[in-house]
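The values are calculated or read from the model by the stated rules, or taken from the named source; none is laboratory data. A quick note: this is a predicted structure, and the numbers were derived from the prediction, not measured. Cβ coordinates were reconstructed from backbone atoms using ideal geometry, including for glycine residues, and neighbour counts include every protein chain displayed.
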Amino acid sequence: MNSSPLDVDARHDYPFSALVGLDALRQFLLLAAVDPGLGGVLVSGPRGTAKSTSARALAALLPEGRMISLPLGATEERLIGSLDIEAMLRDGELRFAPGLLAAAHHGVLYVDEVNLLPDGLVDALLDVAASGINTVEREGISHSHPARFVLIGTMNPEEGELRPQLLDRFGLMVELENCHEPALRQAMVRARLDFEADPAGFSAAHASADEALRQRLRGARQALAGLTFSDAVHARVSQLAIEAGVDGVRADLAMLRAARALAAWEQADAIELEHVDRVASACLRHRAGPQAPEPRPAAMPPSSADDAAKGRTQAPGEGGPAAGRGGDAGYLPPEPVGITPVKPVRPWLPKT
């Protein structure tokens with residue numbers, strides 16, 4: 001079969017530096033990459049707003065360059081992995097079959113239409129995204145392994161919402177809208193056609209800008225631990241959370257971590273109040289109480305590394321073969337693991 005001139009070389013991802021026009025999304029994806037412990041980014045928006053393209057472009061900036069997709073029909077066993085107790089009884093050796101969480105380690109775990117997944121599955125992956133550790137238990141046996149990844153969940157609000165208890169578990173939220181500016185829409189389509197016509201050439205044109213982002217991300221991760229929170233910063237976080245009427249303190253933790261990641265990304269010497277103000281909207285919009293005022297909008301100026309990409313245009317489409325490497329990795333080969341007994345829990349008995 002003859003190939004179309006618009007066929008895309010799947011070896012090339014759409015460059016992250018070419019996603020101009022998605023400033024807020026780009027910035028918050030980068031903050032989640034600086035500190036995956038933030039709890040991930042929930043991206044809400046209509047179809048065709050470059051959600052999956054942006055996720056794959058971010059994955060290409062990470063050292064592993066890996067993106068794992070969680071399919072809608074996935075079971076909990078496929079997500080967290082499984083322990084083969086029968087093999088232990090038969091051969092005396094416990095074997096662990098890694099799931100998608102293990103495959104996503106040091107990469108991106110992409111969950112499309114997260115609002116359509118069973119609540120239990122969403123709760124499990126959000127637990128691991130926040131802790132960086134996945135624990136599998138069966139028949140009194142436990143096995144844990146590191147699973148540190150950047151979680152990106154997407155949803156179309158027209159297809160239903162997430163329960164508030166699950167929304168609260170996402171560190172950041174970005175809301176995308178359809179583009180109604182003719183010039184920008186034309187630039188988006190033109191860039192996409194250019195990429196599809198010559199993926200290698202298009203990627204090469206943005207290679208230096210992407211490499212600058214990659215190096216800056218590496219430096220920000222190294223600087224993260226050296227930044228501490230002042231009393232003034234902590235007081236500002238508390239004030240904003242109270243004004244938003246949020247439940248619990250997850251919003252406070254998310255704002256502190258996001259402000260620290262932003263300070264590290266901008267190579268600041270300290271976390272300032274303006275760092276808190278600029279991340280507050282993304283941390284509060286999905287947690288705010290019904291009577292709370294609209295969170296302050298986040299002002300995210302382009303970074304110096306992003307300036308190298310000025311004049312570029314964003315990828316307008318969703319996924320498809322143009323999105324590049326990655327996808328559903330399925331199970332990894334089973335591997336022998338140590339056995340960790342689980343302490344029995346004494347059942348609660350009513351008083352007689």
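Whenever a residue of region 170-188 is in contact (Cβ under 8 Å) with a residue 12 or more places away in the chain and closer than 14 Å to GLN27 by Cβ, its partners that are of a type outside the set (Phe, Trp, Tyr) and in a loop (DSSP other than H, G, I, E, B), lying with C-beta atoms within less than 6 angstrom and at least six residues away or across chains, give the pairs GLY171/GLY39; GLY171/GLY40; MET173/ARG285; MET173/HIS286; LEU176/GLY45; LEU176/THR49. Restricting attention to region 179-221, the residues that are of a type in the set (D, E, K, R), under 21 Å from the mean Cα position of the chain (by Cα) and surrounded by 15 or more Cβ atoms within 10 Å (Cβ to Cβ) total 4. When region 87-128 is filtered for residues that are farther than 25 Å from LEU31 by Cα and in a helix (DSSP H, G or I), the ones remaining, listed by number, are ALA87, MET88, LEU89, ARG90, ASP91, LEU116, ASP119, GLY120. Of the residues making up region 222-263, those that are loosely packed, with under 14 Cβ neighbours inside 10 Å, charged (D, E, K, R) and touching a residue at least 40 places away in the same chain (Cβ under 8 Å) number 1. The residues listed here are GLY140, GLY132, GLY153, GLY99; of these, the one that is small (Gly, Ala, Ser), in contact (Cβ under 8 Å) with a residue 60 or more places away in the chain and farther than 29 Å from VAL174 by Cα is GLY140. In region 33-52, the residues that are within 18 Å of GLY219 (Cβ to Cβ) and at pLDDT 95 or above form Cβ pairs under 8 Å with partners that are crowded, with 24+ Cβ neighbours inside 10 Å and not hydrophobic (A, V, I, L, M, F, W, C), at six or more places apart or across chains, as follows: ASP35/ARG260. LEU176 meets the stated requirement of being surrounded by fewer than 22 Cβ atoms within 10 Å (Cβ to Cβ), over 17 Å from PRO36 (Cα atoms), modelled with pLDDT of 90 or more and of a type in the set (A, V, I, L, M, F, W, C). Screening ILE152 against (1) within 20 Å of the chain's Cα centre (by Cα); (2) more than 20 Å from SER69 (Cβ to Cβ) leaves a single unmet condition, (2).
Selection of region 48-64 for residues being more than 11 Å from ALA33 (Cβ to Cβ), of a type outside the set (A, V, I, L, M) and assigned to a loop (DSSP other than H, G, I, E, B) yields GLY48, THR49, GLU64. Taking region 121-156 as the range and being crowded, with 21+ Cβ neighbours inside 10 Å and hydrophobic (A, V, I, L, M, F, W, C) as the test, the residues that pass are VAL122, LEU125, LEU126, VAL128, ALA129, VAL136, ALA147, PHE149, VAL150, LEU151, ILE152, MET155.
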